[in-house]
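Take a look at the structure set out below.
Only the coordinates and a few stated rules stand behind these numbers; no lab work does. Source: prediction; values computed, not measured. Quick reminder, even Gly has a Cβ in these numbers, built from the backbone with ideal geometry, and neighbours come from all protein chains shown.
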Amino acid sequence: MNFNKEELVQLFEKIKQMKKNSGFPVVNPTESLDEMQRHLRGEKEKFGCLGGHKYFYLDWNLDLFRCHAWHEPMCKVWDWDDSKLIRDGCTKCMIDCYRDPSVLQFVAISASDAFNNLKKGNVAAAAKNIFDSRNLTSIKAVWDDRKWIGGV
Ligand code: SF4
């Protein structure tokens, strides 16, 4: 099936309504569905993808990719170290297995960033991490999906 962008925006809207009203088990967080609608509309997205930072794809040749949509590997898996991490806030695609957790884990990454900034004595940067309004959106997404997360 091929949908144009506006049809997809409407379908995401229907999925959000289904999640809210029908009890049908939609696991995608509503905030993530909002983000995909922003993606389709060409609007600025709020949550950079964690592919290459916290999520990876390993193929049969043991090449490690940031995700299975990426064109080139980061390295062979045995060559991996922290210097290979990619954290560029990519928003190129709509693969939900990377984009959904990027919303759900945002608050945890923020807490980790705040902790690391405090360790370096960078109080202003830590405060920015802590008071980032996206933390609340992320917490809401975790809370809404607690039933599914608890089952993992
Ligand atoms: S947004 Fe898509 S292409 Fe970019 S890192 Fe995430 S999964 Fe890969």
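Give the calculated FRET efficiency between Glu6 and Ser133 to the nearest 0.05, with a Förster radius of 22 Å applied to their Cβ-Cβ distance. Provide the component values of the computation, followed by the final result.
On the way: r = 28 Å, r/R0 = 1.28.
My answer for the efficiency is 0.20.
Can you spot the lysines whose alpha carbon is less than 16 Å from Lys120's alpha carbon? Ignore those fewer than 8 places along the same chain.
Lys128
Which of Trp60, Trp70, Trp78 ends up with the largest GNM mean-square fluctuation for the chain, with Cα atoms connected below 10 Å?
Among Trp60, Trp70, Trp78, the largest GNM mean-square fluctuation belongs to Trp60.
Cα to Cα, under 20 Å, and not fewer than 8 places away if on the same chain: which lysines meet these conditions relative to Lys54?
Candidates past the 8-residue exclusion: Lys46, Lys76, Lys84, Lys92.
Whole percent per 5 Å bin, from 0 to the bin with the longest distance: what is P(r) over all C-alpha pairs of segment 43-148?
Percent of Cα pairs in each bin: 2, 12, 19, 19, 19, 14, 11, 4, 0.
Collect residues whose amide H, placed 1.01 Å from N in the peptide plane, falls under 5 Å from the amide H of Cys75; neighbours closer than 5 in sequence don't count.
Under 5 Å from the amide H of Cys75: Leu64.
Report the per residue volume, in Å³, of the convex hull enclosing the C-alpha atoms of segment 96-152.
Numbers: hull volume 4.5 nm³, N = 57.
For segment 96-152, the hull spanned by Cα atoms encloses 79 Å³ per residue.
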